[in-house]
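*Asks:* I'd like to ask you about the structure that follows.
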Amino acid sequence: MTVHALDNGAAAGPRRFTRMSFGAALLFAAAFVVATVPFTQRAEALIELDVTQGNVQPLPIAIPTFIGGTPADAQLAADVSGVIAADLKRSGLFLPLDQASFIEKITNANQTPNFQSWTVIKAQALVTGGVTRQSDGRLRAEFRLWDIYAGQQMAGQQFYTTPENWRRVAHIIADAIYERLTGEQGYFDSRVVYVDESGPKDKRVKRLAIMDQDGFNSRYLTRGNDLVLTPRFSPAAQEVVYMSYGSDQPRVYLLNIETGQRELVGNFPGMTFAPRFSPDGQRIVMSFEDQGNANIYAMDLRSRRTTRLTNSASIDTSPSYAPDGSRIVFTSDRGGSQQLYVMGADGANPQRISFGQGSYSTPVWSPRGDLIAFTRQSSGGFAIGVMKPDGSGERILTEGFHNEGPTWSPNGRVLMFFRDTPGANGGPQLWSVDLTGYNEFKVPTPAFGSDPAWSPLIN
Amino acid sequence: MTNTHPILRGAKFVVFLGAALALAACANKPGAGGAGGAGGFGSGVGSASPGSAQDFVVNVGDRIFFTTDQTEISNANRATLDKQAQWLQQYPRYQVTIEGHADERGTREYNIALGARRATNTKNYLASRGINPARIRTISYGKERPVAVCNDISCWSQNRRAVTVLNNAGS
C-alpha cells in the first residue's frame, strides 16, 4: 500500500520515503510507500473523551458517498465510505448524518466544501473522498477531513493498494478520522480471534477463527477436529494461546499465526486452561487443575520455568494481567462463591475486589489500566460490567439471559463479548458495547460465535 | 494526519493475515475428536448381557447429578456410585473415564474447573470403595457437552453431572 498525505495548501515540508516490501506469497502482498507532509498546524480535537463518564454526546459528522474516479468505481467508492461511516457510528462517538439532509453535493474528491452549507445541517466535521481503480490495477483511495466551524482541512491522505484491500483502507481511514477528532488511538484496523460454533448444541463443533473487528473477512484457523476454547492474542498479535481438547487431557496450546506451528504450553501432569499472555509477551498465565482444585501458574516462555502464583483448596482461574504487568486479577471461589481478586504478579497479597450482588467471573484488565471488565451472574441473568481495579465504581453495561466473556478494544473504549440464547436452537453471537453502555451492536459472524479476543494495536 | 504509524501498523498485519491463511491449510491434526463419549447415554434398553456396557448403563447407572455450583457427592449419588464400584470390581477388565460436566448457567472457564472437581470427587469416592485409582481417568468438559438442551431447570439439572464411561467397552 502506498500512502501520501494530502496537503491543504499549506507549506509542504521535506518528504520522507520509507519502503517495506513483503513476500509475494502473502495474502496482501504489497509494497508500502509512506510519504508524510507536515501540516501547518493542528486544530484542537473536536471531542473530549472521558472514559469514566457514562454518556458521550456523539459528534455529528457528514460522510457523503465517496466519488468513483470512473462510473465503474462508484460502487466500490460507496462501499469504502460506507465502511468508514459504520466504523465511526459503532464507536458511539460519532453520529453520521442522514445523507438526504445534505445541501451541497460533493462531486470531486478534492473540492473544498462550502462550509456554510454544512453548518446549516449542524455537521461539525465532514469527510470527503474518492476511490479510483487505476490502469496499473491498483486502487487509489483518498480522503479529506474538514473542520466545518474552523473552515479548514484537518487531515488528508491518499492510499495506493490492491483492490481486495479496500476494507482495510476504509478501516485505516476511519482510524485516522477517529484519532484526529478524539486525540486517541483508533481501533478499527484490528482483528478478533473467536470460536466459530456449528452443529447441534450437544455436539458443537468449535473452530478458532479470525476476522476484522467489524465481523468481515472471517476465516478459520483450525478445522474443528478438536474442541477449542478461549483463544487470546499475544501482545504482538502473532500468536494465539488457547485451550484445546484432543489429547489425553485438555491443555493450553500456543499457535503461531504466522507459521501455523502449534505447541503445548508447559509440562503439567493434568488439565491446563484459562490462558492469557503477560503484557510484555514473555509469560503465559493459566490455571492448572489438580485433585479438583485449580491454581494459577505463570510460565516464562524463554526459560520454560513455571511459577505457582496461588495455592488454595479452591478454584482460582481466569487470570488477567494489569497492562503494566505488576498485578493480576482473577476469579476465585475461595470465599464460597465466585468473586474477583487482585494480587501481585508474583501472587502476593490477594485482595477481593468484587462485593456486589451475585457472582463475578472472567475479569479482564483494560489496556488503559483504569478498569476491569467482568461477567456478573445473578438471579437476573448474566451481565457485562466494569469496575475500577480497587473494586469501586462498578457499572453494568449490558445484561440479559446470558452475556459472557468481555474483551477490550485495543484503546480501551469498547468491549466485545458473546450473548447466548436459550433452547435447542439457541447459540452464542458476538456483540460489542461501548463504555457508555448505550451503543450496543451485534458483530456479524458466518455462524455462531463465542469467546472473542480483540487483537492489540500493532505499532 | 501527519504521522505514519497506522500504515506501519498495517504493514505488520499484512504478515499477520497472510500467515493466518497459510495456517488454515496446515494447522490441523486428527485428534480424539473431542468428547466422543461425552454425551453417550448408550441407547441401552432391552438385552443387557451381564458385564456389558449396556448392563452398566441400564442396571447400574453411569451418571450422578449435582445441584447448582455443588460438587459434593450426595447420598443419592453414593447409592449409584456404590453400585458402580461393585460392578467395576466384578468386571475388573474395564478402565473408566469419569467425565465431569457443568450446566450452561455459568461462565466457561469456571465451569471447566467445576466439572473437573465433580469428576475428581467421583473418582475419589469410587477409590474409597476399593476401585484402584489407576483404573480411573478424569476429564472435564465444563459446559461444552450438555445432554439436555431445553431452557429450564429440568435440563440444567441433567447437565450438571459426572458420567462414568467404560473405556474398553468395545473389546
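The values are calculated or read from the model by the stated rules, or taken from the named source; none is laboratory data. This structure is a prediction, so every number in the text was calculated from the model and none was measured. Neighbour counts are summed over all protein chains in view; Cβ atoms, including those assigned to glycine, are modelled from backbone coordinates with ideal geometry. Remember, those area values only see protein heavy atoms, side chains included, never the ligands or the DNA or RNA. Shrake-Rupley method; radii C 1.70, N 1.55, O 1.52, S 1.80 Å.
*Asks:* With both partners inside segment B:64-166, how many of the DSSP beta bridges are antiparallel, as a percent to the nearest 5?
*Replies:* On the way: 7 of 13 bridges.
For segment B:64-166, the DSSP antiparallel bridge percentage is about 55.
*Asks:* Do any trypsin sites (Lys or Arg not before Pro) in segment A:268-304 lie in a loop, going by DSSP, with at most 10 other beta-carbon atoms within 10 Å of their beta carbon, and if so which?
*Replies:* A:R302, A:R304
*Asks:* Give me, ordered by chain and number, the residues 5 or more places off A:D316 or on other chains with an amide H under 5 Å from its own placed amide H.
*Replies:* Close amide H contacts, sequence-distant or interchain: A:A294, A:N295.
*Asks:* Continuing with this model, one more query. Pull out the extension gain between A:R308 and A:S326, defined as 0.36 nm times the separation in residues minus the alpha carbon to alpha carbon distance; nm, one decimal.
*Replies:* So the extension gain works out to 4.9 nm.
*Asks:* Starting from the Cα of A:R395, step 7 Å along the direction of its Cβ; do the same at A:R368; then give the gap between the two resulting points in nm.
*Replies:* For the pair A:R395/A:R368, the computed spacing is 0.9 nm.
*Asks:* Give the interface area between chains B and A as buried accessible surface, both sides summed, probe 1.4 Å, in Å² to the nearest 100.
*Replies:* So the total buried area for this chain pair works out to about 6700 Å².
*Asks:* Report the local net charge at B:Q84: Lys and Arg +1, Asp and Glu -1, summed over other residues whose C-beta lies under 13 Å from its C-beta.
*Replies:* +3
*Asks:* Taking the alpha-carbon distance from B:K143 and a cut-off under 17 Å, which lysines remain once sequence neighbours fewer than 8 residues away in the same chain are dropped?
*Replies:* Qualifying lysines at Cα under 17 Å: A:K201, A:K203, A:K206.
*Asks:* Count, for each residue of A:168-175, the Cβ atoms from other chains sitting within 10 Å of its Cβ, then give me the mean as a whole number.
*Replies:* Average neighbour count from other chains, rounded to a whole number: 3.
*Asks:* How large is ³J(HN,Hα) for each residue in segment B:57-65, as worked out from phi by the Karplus curve 6.51 cos²θ - 1.76 cosθ + 1.60 (θ = phi - 60°), to whole Hz, x for Gly and Pro?
*Replies:* 6, 7, 9, 9, x, 8, 9, 10, 10
*Asks:* Something else now. Taking H as built 1.01 Å from N, whose amide H comes closer than 5 Å to the amide H of A:L95, not counting residues under 5 places away?
*Replies:* Close amide H contacts, sequence-distant or interchain: A:L59, A:I61.
*Asks:* Could you run the Karplus curve 6.51 cos²θ - 1.76 cosθ + 1.60 with θ = phi - 60° over segment A:222-235 and give me ³J(HN,Hα) per residue in whole Hz, x for Gly and Pro?
*Replies:* 9, 9, x, 5, 10, 5, 10, 9, 6, x, 9, 6, 6, x
*Asks:* Same structure, new question: How charged is the neighbourhood of A:I328? Take every other residue with its Cβ under 11 Å from the Cβ of A:I328, and add Lys/Arg as +1 and Asp/Glu as -1.
*Replies:* Net charge in that neighbourhood comes out at +1.
*Asks:* What number comes out for the charge environment of A:G69, summing +1 per Lys or Arg and -1 per Asp or Glu over other residues with Cβ under 11 Å away?
*Replies:* With Lys, Arg at +1 and Asp, Glu at -1, the net is 0.
*Asks:* In square angstrom, what is the accessible area per residue of chain A with a 1.4 angstrom probe?
*Replies:* 37
*Asks:* Would you mind telling me the share, in percent, of accessible area of segment A:329-396 contributed by carbon and sulfur at probe 1.4 angstrom?
*Replies:* The nonpolar share, carbon plus sulfur, comes to 45 percent.
*Asks:* Starting from the 7 Å offset along Cα-to-Cβ, what nm value, one decimal, do you get for the label separation of A:Y438 and A:R334?
*Replies:* Between A:Y438 and A:R334, the simple spin-label model gives 4.1 nm.
*Asks:* Further question: Using a 10 Å cut-off on Cβ atoms, rank the peptides B:117-130, A:182-195 from the highest mean neighbour count down.
*Replies:* My ranking of the peptides, most packed first, is A:182-195, B:117-130.
*Asks:* Can I ask one more? Can you give me the relative contact order of segment B:64-166 as a percent, contacts being Cα pairs under 8 Å and 6 or more apart? Write down the numbers at each step before the final one.
*Replies:* Values: 188 pairs, mean separation 40.8, N = 103.
Over segment B:64-166, the number comes to 40 percent.
*Asks:* Please give the Cα centre distance for segment A:126-177 versus segment A:58-79, rounded to the nearest Å.
*Replies:* 10
*Asks:* Ok, one more. Report relative contact order for segment A:320-459 in percent, whole number only (criteria: Cα-Cα under 8 Å, sequence separation at least 6). Working shown, then result.
*Replies:* Working: 343 pairs, mean separation 20.2, N = 140.
The normalised contact order for segment A:320-459 reaches 14 percent.
*Asks:* Next up: Between segment B:71-103 and segment A:382-411, what is the separation of their alpha carbon centroids in Å?
*Replies:* 39
*Asks:* On C-alpha positions alone, give me the angle between the axis of helix A:166-182 and the longest principal axis of chain A, in degrees, nearest 10.
*Replies:* Between the helix axis and the principal axis of chain A, the angle is about 90 degrees.
*Asks:* Tell me the relative contact order for chain A as a rounded percent, counting alpha carbon contacts under 8 Å between residues six or more apart.
*Replies:* Worked out over chain A, it gives 10 percent.
*Asks:* Still on this model: Could you sort A:151-163, A:65-77 so that the peptide with the highest average Cβ count within 10 Å comes first and the rest follow in order?
*Replies:* Highest-to-lowest ranking by the protection proxy: A:151-163, A:65-77.
*Asks:* Right, something else. Out of residues 5 or more away from A:T421 or on other chains, whose amide H comes under 5 Å of its own, with H placed 1.01 Å from N in the peptide plane?
*Replies:* So A:T421 has HN proximity to A:G427.
*Asks:* With everything on Cα atoms, drop me the angle between helix A:74-90 and the longest principal axis of chain A, reported from 0 to 90° to the nearest 10.
*Replies:* Compared with the principal axis, the helix lies near 50 degrees.
*Asks:* In addition: Can you list the residues in segment B:94-116 whose accessible area drops by at least 40 Å² when all protein chains are present, compared with the chain alone? Use a 1.4 Å probe, heavy atoms only.
*Replies:* Buried-area filter returns B:R105, B:T107, B:R108, B:E109, B:Y110, B:I112, B:A113.
*Asks:* Could you work out, residue by residue across A:329-339, how many beta carbons of other chains sit within 10 Å of that residue's beta carbon, and then give the average as an integer?
*Replies:* Details: counts 0, 0, 4, 1, 5, 0, 0, 1, 1, 6, 0.
Per residue, the average neighbour count from other chains is 2.
*Asks:* Right, here's the next one. Antiparallel DSSP bridges in chain A: what percent, to the nearest 5?
*Replies:* 90
*Asks:* Then there is this: Mind checking A:270-282 for the average number of partner chain beta-carbons within 10 Å of each residue's beta-carbon?
*Replies:* Numbers: counts 3, 8, 0, 7, 5, 1, 0, 0, 0, 0, 0, 0, 0.
Taking the mean over all residues of the peptide, I get 2.
*Asks:* Report the calculated FRET efficiency for B:A76 and A:Q357 (r = Cβ-Cβ distance, R0 = 45 Å), to the nearest 0.05.
*Replies:* Details: r = 31 Å, r/R0 = 0.69.
Computed FRET efficiency for B:A76 and A:Q357 comes out at 0.90.
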